[in-house]
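A short write-up of the structure that comes next.
The values are calculated or read from the model by the stated rules, or taken from the named source; none is laboratory data. Predicted model only: the values in this text are computed from it and were never measured. Here the Cβ positions follow ideal geometry from the backbone for every residue, glycine too, while neighbour counts run over all protein chains shown. SASA here: full protein model, heavy atoms, side chains in, ligands and nucleic acids out. Shrake-Rupley method; radii C 1.70, N 1.55, O 1.52, S 1.80 Å.
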Amino acid sequence: MGTERHHESVEPTDSVHVRTLGIGDTLRWSWEALTGRLELVGFALAVASLSVVALFGISRPTPDAVPEIAGWVWPVYFAYVVALAVVWGVAYTSSEDAVANRERPLGDHVRGAAKRVPALVAVAIPMWIISVLGLFAFVLPGVYLFHRLLLSFPACVIDGKGPLASLKAGWRAGGGNVLKIFGVSLVYFASIGASNLAASVFGQYTLVGGVVSAGLSAVLLPLFGLALGHLYLESSRNQ
């Protein structure tokens, strides 16, 4: 599956042929890549723990009352959202390493992904505007546009492209692959739904529920980040 680990200098993957996989094989490849890089789970868990920390600042006097949120919770949630973008970015660049049979230290991935956060935000804003407009026009165009542009995020991080170039690269990479991207996305959102359901069993805003949610997110986020990275690489590198 191309997940053997080697320490070596970073080289571009433009000349690497990336095997084209179906939806199931993409997810299996991502699982194998993740089990060979468990530090991704540890990093994602550390980030997800911020959401657990925030729970200590949220209280609900009665079950029907509106939750009371302490002022310090908002900066924590902001840091959490920014860190989530880094988690996705680390997963994207880790997928690049996996297909090239190499390994870089986690710190290198984190620093590289952190530098791309402003560009990711600049990509996300027009992408979401376009997708929402498509949803308002009619549901299917919005769903199509979202998944056609979804690979703009790995394009931004893996190839270090600017916002406009990332959107163009994501559009090209999504051409002919929208159904496969949609399939992977559908499994992801179904998994997130199941994760939220599992956490809700222990109660909303409870510590146990937060820990369960954080633990599941620590696996799901890098798993599907690796999958999106592979989808981008197999399209962009094999054109």
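If you put +1 on each Lys and Arg Cβ and -1 on each Asp and Glu Cβ, how big is the dipole of the chain around its Cα centre, in Debye rounded to 20?
Details: 16 positive and 15 negative charges, 85 e Å.
Charge dipole of the chain: 420 debye, to the nearest 20.
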Reach of Lys180 by Cα under 28 Å, taken over lysines that are not fewer than 8 positions away in the same chain: Lys161, Lys168
Cα point-scatterer Debye curve for the chain, base-10 log of I(q)/I(0) at q = 0.14, 0.15 Å⁻¹: -0.94, -1.06
On Cα atoms only, tilt of 39-55 relative to the major axis of the chain in degrees: 30
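How fast does the range 170-239 diffuse by Stokes-Einstein, in µm²/s, taking the Kirkwood radius from C-alpha pairs at 37 °C and 0.692 mPa s?
On the way: Rh = 13.5 Å.
Once the numbers are plugged in, D ends up at 243 µm²/s.
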Among Ala91, Ala122, Ala214: highest mean-square fluctuation, GNM of the chain, C-alpha pairs under 10 Å: Ala122
Debye log10 I(q)/I(0) at q = 0.15, 0.17, 0.22 Å⁻¹ for the range 121-239, Cα point scatterers: -0.74, -0.89, -1.15
Rg and Dmax of the range 16-75, Cα atoms only, in Å: 19.6, 58
Cα principal axis extents for the range 82-185, largest first, Å: 45, 26, 21
Portion, in percent, of the accessible area of the range 167-236 that falls on carbon or sulfur, probe 1.4 Å: 73
Of Trp128, Ala199, Gly22, farthest towards positive along the dipole that unit charges on Lys, Arg, Asp, Glu beta carbons give the chain: Trp128
Only Lys, Arg (+1) and Asp, Glu (-1) charged, at Cβ; the range 57-142 dipole about Cα centre in debye: 220
Nearest-10 value in Å² for the accessible area of Leu133, using the 1.4 Å probe: 110
The range 99-192: chymotrypsin sites (Phe, Trp or Tyr not before Pro) falling in loop per DSSP and having at most 10 other Cβ within 10 Å: Phe138
Among Ala54, Ala173, Ala70: highest mean-square fluctuation, GNM of the chain, C-alpha pairs under 10 Å: Ala70
Solvent-accessible area per residue for the chain (1.4 angstrom probe, square angstrom): 49
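Between Glu32 and Ala79, what length in nm is gained on full extension when 0.36 nm per residue of separation is reduced by their alpha carbon distance?
On the way: separation 47, 0.36 × 47 = 16.92 nm, distance 2.97 nm.
So the chain would gain 14.0 nm between Glu32 and Ala79.
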Backbone HN-Hα couplings from phi across the range 186-198 [Karplus 6.51/-1.76/1.60, Hz, Gly and Pro as x]: 4, 5, 4, 5, 5, 5, 5, x, 5, 5, 5, 5, 4
